[in-house]
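The values are calculated or read from the model by the stated rules, or taken from the named source; none is laboratory data. Note that this is a predicted model, so its numbers are computed, not measured. Heads up, the Cβs are rebuilt from the backbone with ideal geometry, glycines too, and the neighbour counts pull from every protein chain shown.
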Amino acid sequence: MRDKIFDKILEVINVRFGENEGLTFETNFSDIDGWDSLSNVVFIRDLEQHFGVSFTFDEIFSFENLGQIVDSIEERIG
């Protein structure tokens, strides 16, 4: 399940930011081309809509890498 969630997140990233190669669970947001604070908000909204989940404000700002987002989504839809 974790890999499927990650693949969907990569699809969202590639649509929102263009092709970003070599992304892993450990990739932090500053490593994604075009990432800034506004795009973070839009990206999180895209994920919430795609997966049918909601993140808390505190949770959004605690995410340090893509793997943490995957884990959070997996907990919700598991």
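A few points about this structure:
- Within the range 59-68, being in a helix (DSSP H, G or I) and at pLDDT 95 or above holds for 66, 67, 68.
- Among residues of the range 24-38 being surrounded by 15 or more Cβ atoms within 10 Å (Cβ to Cβ) and at pLDDT below 95, the one that is farthest from residue 68 (Cα to Cα) is 35.
- Within the range 1-19, the set of residues being more than 26 Å from residue 78 (Cβ to Cβ) and either part of a helix (DSSP H, G or I) or touching a helix residue (DSSP H, G or I) at 6+ places or on another chain (Cβ under 6 Å) (or both) comprises just one member, 17.
- The set of residues in the range 1-11 being surrounded by fewer than 16 Cβ atoms within 10 Å (Cβ to Cβ) and in contact (Cβ under 8 Å) with a residue 24 or more places away in the chain consists of 1, 2, 8.
- Looking across the range 43-58, the residues that are part of a helix (DSSP H, G or I) and closer than 14 Å to residue 9 by Cβ come down to 43, 44, 45, 46, 47, 48, 49, 50, 51.
- Residue list for the range 20-39, filter: in a loop (DSSP other than H, G, I, E, B) and at negative phi: 20, 21, 23, 24, 25, 26, 27, 28, 32, 33, 35, 36
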